[in-house]
Amino acid sequence: MFTRPDRRFYRAAALLLVAAAAFVIATLVIGGGPADAETVEPVAAGTSTATLVIQNVINGLAFGVLLALAAVGLSLIFGTTGLSNFAHGEQVTFGALLTFFLSTNEQVTIPLVPGSFTIGLPLWLAAIIAVIVSGGTGWLQDKLLWNPLRKRRVAVLQQMVVSIGLSLALLNMLQWWMGASRHRLTNASGGRITFGDFYIGTQTLMSVVIASIALLAVALFLLKTRLGRATRAISDNPALAAASGIRVDSIIRLVWVMSAALAGLGGILLALFDNGAGFDSGARILLLMFAAVTLGGLGQAFGALVGALVVGVVSEVSTVVIAPDMRYASALGILIIVLLVRPQGILGTKERVG
Amino acid sequence: MTAATQDVLITADDVWAGYIPGVSILNGCSLEVKKGELIGIIGPNGAGKSTFLKALFGLVPVTEGKFVLDGDDITNLRADQLVKRGIGFVPQTNNVFPSLTILENLEMGAYQRPQAFKERLDVIGDLFPVLIERKNQRAGSLSGGERQMVAMARALMMDPKVLLLDEPSAGLSPARQDETFVRTRDINKHGVTVIMVEQNARRCLQICDRGYVLDQGTAAYTATGQELLKDPKVIELYLGTLGA
Ligand SMILES: Nc1ncnc2c1ncn2[C@@H]1O[C@H](COP(=O)(O)OP(=O)(O)OP(=O)(O)O)[C@@H](O)[C@H]1O
Ligand SMILES: [Mg+2]
């Protein structure tokens, strides 16, 4: 299922570009004239719609890259095991909140443990530890939960229901641990880089760079390493992979570790982009991650990237014409439209029959 | 083991196996394969031929009885452990990784011995030169016959002692079918023991040393290929009345 970026990739990219351009033009036409200052935050009233749209495309691309990083694990797990993991959102939240827990100068607590304390590690160290611990949670849940379920040949639909239950349980545990308020990973405003009429926050830029490197590393892993190719082989056909001598279960274990770690990193970077994270940050973007993965083509690792960029751009640009609270709805609207036109997703291939 | 059984490579001893608990597809199937033999298994659709190969290869759970390889009990071992012990398996359907290139498919075949990949690739390249020419093509874009080649080449990458083939000629043109049988015989001549399930019963029995007729999950009878070709019951059921 994970294919090389071949001809189809470029065709899909072209398709995407055309769709994005059409969308932007449509927005310009519908929006017309100076934008309503209320619908967007930092740009001064009176800015032309064109400027506004381009600024939103920039924000959208940034959000898309971060969303892709958070979602790529969802796609990897679906590809190798067939599971739609509804608990993936909590994995994203966990990375952000653990980083906050380790790095903040405020007093923190652990449920059932008396007393409060501060750990106060530097942000970068806290983030590294959080990513490693996140990976560990992936290892642990595959060991204790998913692998036993697969061994007993529990169908993926039932597994999905288990993941929904797990998601709710984890959500409540996260709230118990961190309360209902939002937490900022850093108080530094970070400043912004302006170029002409446009800008990007330095924190955002940093996050996007880190996310891009991580995504590139995933791509190289899948395409250029033996283990990565075995992962793609399992996505294609687990029984044949086993028949080829691949230890399918250990590679799936590795996929769980990678997915959880990437989700954790995605959560941390999204918290920087979003100026904070709460117990439900991941749950809020769960559907967007599913949309991104489905849009790109289910189980296609590169699909998650393409899909997430579309979701990011569409949801940000749509704020030019609709209320910002509705932005995610427009992304889901695009999902429906794309699936009507290309049922297999942007990068997906129709299974050849016979 | 006595001298007489020494050259036995694989035995199936009263094997019961099935996909769903309580429903067995193999009902006390027994057979024996000697080192270097080419065994053909024929039988009606749904007889359990594919299931037999899958059970031997650890992909279908065996509930009773056992498989023995070289004197070792290999019942219900994981597929990757069986690969390590020198068994190669080409399934009847879905036998390539469609999104991987031909070269990547072959690499997966040698997954447990990456250090021998180059050397095996040369050997396989002699058998299937066309695969090397098109090594960067995705297997999903190949024709059915070409896929069968990739599938067989993939299974040969580990240099197996035993090769299990499930209907390697299915869906091929007559010329390609012939090629497949000749190649199988060839591989067998190079010392690989082959167990081959076939619908093309006549061609299969012509090239195999011994055939088994599998019916309703049991090995109904066995004889040399030539004998089975002359057996009236086999002629009537599997070869058609015109054959002889
Ligand atoms: N994955 C499966 N799950 C459940 N039952 C199965 C499965 N595969 C095969 N069966 C059942 O097992 C029986 C034997 O199937 P098998 O594939 O072994 O037959 P076969 O002899 O190979 O037939 P054919 O010549 O058509 O390939 C059939 O009745 C089939 O319904
Ligand atoms: Mg069959």
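Before moving on, here are some points about what is shown:
- Applying the criterion of at least 3 residues that are closer than 30 Å to B:Arg138 by Cα and either within 16 Å of ligand 2 (Cβ to nearest atom) or open to solvent by 50 Å² or more (accessible area, probe 1.4 Å) (or both) to the helices (runs of 4 or more DSSP H) found wholly in the stretch B:1-113 leaves B:49-56.
- Selection over the stretch B:158-176 of residues that are more than 17 Å from B:Ile39 (Cα to Cα) and either at pLDDT 90 or above or of a type in the set (Asp, Glu) (or both) gives a count of 2.
- Any chance B:Leu69 is at negative phi and away from ligand 1 (no atom under 16 Å from the Cβ): yes
- Count of residues meeting criterion [among the aromatic types (Phe, Trp, Tyr) and open to solvent by 40 Å² or more (accessible area, probe 1.4 Å)] in the stretch A:131-176: 2
- Any hit, the stretch A:261-281, residues being farther than 28 Å from A:Ser189 by Cβ and at pLDDT 90 or above: yes
- Close Cβ contacts (under 8 Å, 6 or more residues apart or on different chains) running from residues in the stretch B:13-24 that are away from chain A (no Cβ under 13 Å) and aliphatic (A, V, I, L, M) to residues that are within 16 Å of ligand 2 (Cβ to nearest atom) and in a loop (DSSP other than H, G, I, E, B) comprise B:Ala17/B:Ile25; B:Ala17/B:Val60.
- Put simply, of A:Leu288, A:Leu295, A:Leu340 the only residue that is open to solvent by 40 Å² or more (accessible area, probe 1.4 Å) and of a type in the set (A, V, I, L, M) is A:Leu340.
- Count of the stretch B:114-157 residues, restricted to those that are within 14 Å of another protein chain (Cβ to nearest Cβ), open to solvent by 10 Å² or more (accessible area, probe 1.4 Å) and in a loop (DSSP other than H, G, I, E, B), is 4.
- Identity of the residue in the stretch B:194-226, in a helix (DSSP H, G or I) and in contact with a Leu (Cβ under 9 Å, 6 or more places away or on another chain), that ends up nearest to ligand 1 (Cβ to nearest atom): B:Ala201
- Listed here are the helices (runs of 4 or more DSSP H) enclosed by the stretch A:227-318 that have at least 1 residues being more than 14 Å from chain B (Cβ to nearest Cβ): A:248-273, A:281-296, A:301-317.
- Qualifying residue in the stretch B:61-80 (condition: under 17 Å from B:Lys161 (Cα atoms), more than 18 Å from the chain's Cα centre (by Cα) and touching a residue at least 24 places away in the same chain (Cβ under 8 Å)): yes
- Every residue from the stretch A:81-100 that is open to solvent by 10 Å² or more (accessible area, probe 1.4 Å) and not in a loop (DSSP other than H, G, I, E, B): A:Thr81, A:Gln91, A:Phe94, A:Leu98
- Enumeration of residues in the stretch B:72-101 that are within 16 Å of ligand 1 (Cβ to nearest atom) and among the aromatic types (Phe, Trp, Tyr): B:Phe89
- The stretch B:188-210, residues that are closer than 12 Å to B:Val33 by Cα and within 16 Å of ligand 2 (Cβ to nearest atom): B:Ile195, B:Met196
- Residue among A:Leu157, A:Leu222 that alone is more than 14 Å from chain B (Cβ to nearest Cβ) and either over 29 Å from B:Thr101 (Cα atoms) or at pLDDT below 95 (or both): A:Leu157
- Positions within the stretch B:160-179 being within 16 Å of ligand 2 (Cβ to nearest atom) and either over 15 Å from B:Arg203 (Cα atoms) or without any contact (Cβ under 8 Å) to a residue 40 or more places away in the chain (or both), in sequence order: B:Leu164, B:Ser169, B:Gly171, B:Leu172
- On inspection, B:Gln177 passes the criterion of being of a type in the set (S, T, N, Q), more than 28 Å from B:Gln81 (Cα to Cα), open to solvent by 40 Å² or more (accessible area, probe 1.4 Å) and assigned to a helix (DSSP H, G or I).
The values are calculated or read from the model by the stated rules, or taken from the named source; none is laboratory data. Quantities reported herein were computed from a predicted structural model and do not represent experimental measurements. Positions of Cβ are generated from backbone atoms using ideal geometry, with glycine treated the same way; all protein chains shown enter the neighbour counts. Note: accessible area is taken over every heavy atom of the protein model, side chains too, but ligands, DNA and RNA are not part of it. Shrake-Rupley method; radii C 1.70, N 1.55, O 1.52, S 1.80 Å.
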